[in-house]
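The values are calculated or read from the model by the stated rules, or taken from the named source; none is laboratory data. All of these numbers come straight from a predicted model, not from anything done at the bench. Methodologically, a virtual Cβ is constructed for each residue, glycine included, from the backbone with ideal geometry; neighbour enumeration extends over all protein chains shown. Surface areas here come from the heavy atoms of the whole protein model, side chains and all, with no ligands, DNA or RNA. Shrake-Rupley method; radii C 1.70, N 1.55, O 1.52, S 1.80 Å.
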Amino acid sequence: MDGEELTEQETALYDRQIRVWGADAQRRLSKSHVLVSGMKGTVVEFCKNIVLAGVGSLTLVDDRMVTEEALSANFLIPPNDNAYGGKTIAEVCCDSLKEFNPMVRVSVEKGDLSSFGLEFYDKFDAVVISCCSFTMKKLINEKCRKSSKRVAFYNVDCRGSCGEIFVDLQNHKYSKQKLEDTVECQLEYPSFEEAMSVPWRVLPNKVTKLYFAMRVIERFEDAEGRNAGEISIEDLAGVLNLKKELCEANSLSVSLIPDTLLERLITSTGEFPPVCAIIGGILGQEVIKNISGKGVPLKNFFFFDVMDGKGIVEDISNPNTGS
């Protein structure tokens with residue numbers, strides 16, 4: 001990303017945001033490459049934000065065909081079915097995103113993320129995935145970490161009125177303003193697998209209940225061999241049994257995770273557009289901070305629940321190592 005200056009056209013188009021975060025940050029963003037998989041509502045919001053901001057290129061992966069369900073939270077799909085006949089969701093979204101900012105190279109990659117080799121991930125500066133199983137999250141995060149360069153990894157999940165973002169920036173250096181000075185800082189991030197292996201009993205009491213509830217549902221879907229979101233109210237008994245097992249294994253009270261919260265998450269597996277907009281906006285902001293190297297990035301989970309209207313950042317790391 002270094003060594004290339006902004007063109008006159010880029011400088012004119014992005015003049016307003018250059019005044020906010022500077023020409024160097026905009027240059028880094030304009031030369032960066034982002035991979036996105038799982039074109040659901042939250043990811044669509046993110047894609048819109050990153051394209052308007054002027055990312056260099058955006059590659060979309062989603063081989064699903066357009067369905068009525070996909071229309072509910074995906075504003076990139078035209079309501080006229082003649083516009084997407086025979087096309088995948090990624091192809092339809094690609095056409096729409098190109099209209100948002102013609103200077104951004106938007107393309108589609110067909111295939112399964114798990115089948116792509118390390119050389120594929122080497123092409124990107126950030127990878128954002130959604131609609132993935134627990135096993136897939138671990139696999140893609142591991143591939144990003146094995147890349148020949150530092151590839152930032154983000155996972156985003158939105159279930160009805162709730163959502164979360166997981167971030168792994170590995171060893172991340174950034175700058176922040178402190179009074180009149182610029183301070184250089186560094187953060188060490190755990191991998192997804194390392195974060196998931198932190199025992200619940202060692203976490204602070206203040207950790208949001210949504211973190212534990214999302215883990216229960218994630219583990220249930222994985223144990224049942226299902227994709228993310230393939231769950232319904234008929235599974236409530238099984239989910240509650242798993243909650244009990246996980247709490248007992250960590251010597252914690254089952255009251256830690258309210259049954260009503262779990263029920264709400266499994267009965268509202270679709271996406272709520274206002275929540276998509278909030279989480280997609282936060283995700284776009286975090287990716288821009290990582291690429292530009294400016295601003296304090298979140299570490300390493302972000303949660304939002306419309307019932308309390310609050311965004312919460314949680315650092316789920318090994319308390320002995322910080323990662």
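Between Val296, Val306, Val254, the distinction of being of a type in the set (Val, Ile, Thr) and closer than 30 Å to Asp125 by Cβ belongs to Val296 only. For first residues located in segment 22-37 and closer than 15 Å to Ala12 by Cα, partners that are part of a loop (DSSP other than H, G, I, E, B) and open to solvent by 40 Å² or more (accessible area, probe 1.4 Å) and lie 6+ apart or on another chain with Cβ distances below 8 Å form the pairs Arg27/Met1; Arg27/Glu4; Arg27/Glu5. Here the condition is being open to solvent by 50 Å² or more (accessible area, probe 1.4 Å) and in contact with a Phe, Trp or Tyr (Cβ under 7 Å, 6 or more places away or on another chain); of Lys149, Lys206, Lys138, Lys173, it holds for Lys138 alone. Is there a residue being part of a helix (DSSP H, G or I) and over 15 Å from the mean Cα position of the chain (by Cα) anywhere in segment 52-65? So far as segment 52-65 goes, yes, one or more of its residues are part of a helix (DSSP H, G or I) and over 15 Å from the mean Cα position of the chain (by Cα). For segment 43-52, the criterion of a residue being touching a Lys or Arg at 6+ places or on another chain (Cβ under 8 Å), surrounded by 21 or more Cβ atoms within 10 Å (Cβ to Cβ) and under 20 Å from Leu113 (Cβ atoms) is satisfied by no position.
The number of residues in segment 24-41 that are touching a strand residue (DSSP E or B) at 6+ places or on another chain (Cβ under 8 Å) and open to solvent by less than 10 Å² (accessible area, probe 1.4 Å) comes to 8.
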